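Single-structure report; data block below.
The values are calculated or read from the model by the stated rules, or taken from the named source; none is laboratory data. This one's a predicted model, so the numbers in the text were calculated from it and none came from an experiment. Every residue, glycine as well, gets a Cβ built from its backbone with ideal geometry; the counts of neighbours run over all protein chains shown. Quick note on the areas: whole protein, heavy atoms, side chains included, nothing else; ligands and nucleic acids left out. Shrake-Rupley method; radii C 1.70, N 1.55, O 1.52, S 1.80 Å.
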Amino acid sequence: MATRKIIEIDRDLCNGCGLCTTACDEAALELDDEGKAVLVKELYCDGMGMCLNVCPTGALTIVERETVGYDYQATVDHVKRTRGEDAVAAVHRDPDDAVEAAPARSELTQWPIQLHLISPAAPYFHGADLLVAADCTAFSLGSFHADLLKDRKIVIACPKLDQTDPYVEKLAALIRDAEVRSLTVAIMTVPCCTGLQVMVEHAVALSGVDIPVRTVVVGIDGQIAGER
């Protein structure tokens, strides 16, 4: 037994939404027969609290108490059984057993990236697969470089805080003049981000170019929530 951080669940506050069960990379939480969140096994909970941000009622808290230690290998085996091999990569290592990881590779291949600063005539945009990303997405999605930026050129903008009036014409010129090959839009689940998707749609229409557009939606829990 060891004293460490672990999740604690207030059953009276839990409404059975199940959001915590999917937010937990270790699959340490499930709903019981009464529709309340419970720990599958305490040794699967790493105490990092990724589930806290998605709980709408505040039923989850992190406490420090005596319990069994977090078992990384047992958790990997559990996730593999319940979620499959692909989900194992997200499981957190025990900090005491972690080895120093190699620095993550940056997939950024151009500068600048802010839509206000880029030039549609920049040669690196010609024939490119373009990513138009809301500012917050790269901070929220840990795998942003590998999942979204790799093999793409990027422009970033915030539809809420930027002065976006010139952006539609600038994007339209970029799409048209650079003969952009494909267009991916990355936005957050928050309402203000929808403005970026609308802005891109208007730019595509203005450009007169028939170009495939894919929209990736990132949740505040740091996971890809879906596509449009």
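List every residue pair whose Cβ atoms sit under 6 Å apart, with the two residues 6 or more apart in sequence or on different chains, where the first one lies in the stretch 177-189 and is in contact (Cβ under 8 Å) with a residue 40 or more places away in the chain and the second, anywhere, is hydroxyl-bearing (Ser, Thr, Tyr).
Pairs found: VAL185/THR215; ALA186/THR137.
Mind listing whichever residues of the stretch 194-206 are open to solvent by less than 10 Å² (accessible area, probe 1.4 Å) and either touching a strand residue (DSSP E or B) at 6+ places or on another chain (Cβ under 8 Å) or modelled with pLDDT under 95 (or both)?
Listed by number, the residues that qualify are LEU196, VAL200.
Only residues in the stretch 17-39 that are farther than 22 Å from TYR70 by Cα count as the first member; pair them with residues that are at pLDDT 95 or above and aromatic (Phe, Trp, Tyr), Cβ under 7 angstrom, at least 6 apart or cross-chain, and list the lot.
So the pair list comes out empty.
Filter the stretch 114-148 down to residues that are under 15 Å from GLU179 (Cα atoms) and either open to solvent by 40 Å² or more (accessible area, probe 1.4 Å) or touching a Cys at 6+ places or on another chain (Cβ under 8 Å) (or both), then give me how many there are.
Residues in the stretch 114-148 being under 15 Å from GLU179 (Cα atoms) and either open to solvent by 40 Å² or more (accessible area, probe 1.4 Å) or touching a Cys at 6+ places or on another chain (Cβ under 8 Å) (or both): 5 in total.
Residues of the stretch 178-228 being within 30 Å of VAL91 (Cα to Cα) and assigned to a loop (DSSP other than H, G, I, E, B), which ones?
Hits for the stretch 178-228 are THR189, VAL190, GLY219, ILE220, ASP221, GLY222, GLN223, ARG228.
Would you mention how many residues in the stretch 28-44 are open to solvent by 10 Å² or more (accessible area, probe 1.4 Å), out of contact with any Gly (no Cβ under 7 Å at 6 or more places or on another chain) and in a loop (DSSP other than H, G, I, E, B)?
The total comes to 5.
Can you pull out every residue in the stretch 6-24 that is open to solvent by less than 20 Å² (accessible area, probe 1.4 Å) and within 16 Å of MET48 (Cβ to Cβ)? Before you say what the answer is, go through the steps one by one.
Pass one, the stretch 6-24, residues open to solvent by less than 20 Å² (accessible area, probe 1.4 Å): 6-7, 14, 18, 20, 23-24.
ILE6, ILE7, CYS20, ALA23, CYS24 - these are the residues of the stretch 6-24 that are open to solvent by less than 20 Å² (accessible area, probe 1.4 Å) and within 16 Å of MET48 (Cβ to Cβ).
Could you please give the count of residues in the stretch 133-180 that are of a type in the set (Ser, Thr, Tyr) and more than 14 Å from VAL216 (Cα to Cα)? Spell out the reasoning first.
Quick first cut of the stretch 133-180, residues of a type in the set (Ser, Thr, Tyr) only: 137, 140, 143, 164, 167.
If we keep only those that are more than 14 Å from VAL216 (Cα to Cα) too, we end up with 164, 167.
The qualifying residues number 2.
If you check GLN163, GLN223, which single one turns out to be modelled with pLDDT under 95, surrounded by 14 or more Cβ atoms within 10 Å (Cβ to Cβ) and not aliphatic (A, V, I, L, M)? Talk me through it step by step, then tell me what you get.
On the way: GLN163 fails: surrounded by 14 or more Cβ atoms within 10 Å (Cβ to Cβ).
Unique residue meeting the criteria: GLN223.
Testing ASP151 on (1) part of a strand (DSSP E or B); (2) open to solvent by 50 Å² or more (accessible area, probe 1.4 Å); (3) in contact with an Asp or Glu (Cβ under 8 Å, 6 or more places away or on another chain), one condition comes back false. Which one is that?
Tallying (1) part of a strand (DSSP E or B); (2) open to solvent by 50 Å² or more (accessible area, probe 1.4 Å); (3) in contact with an Asp or Glu (Cβ under 8 Å, 6 or more places away or on another chain), ASP151 fails exactly one: (1).
Counting only residues that are exposed (fewer than 14 other Cβ atoms within 10 Å of the Cβ), in a loop (DSSP other than H, G, I, E, B) and under 23 Å from the mean Cα position of the chain (by Cα), how many does the stretch 45-93 have?
Going through the stretch 45-93 one residue at a time, the tally reaches 4.
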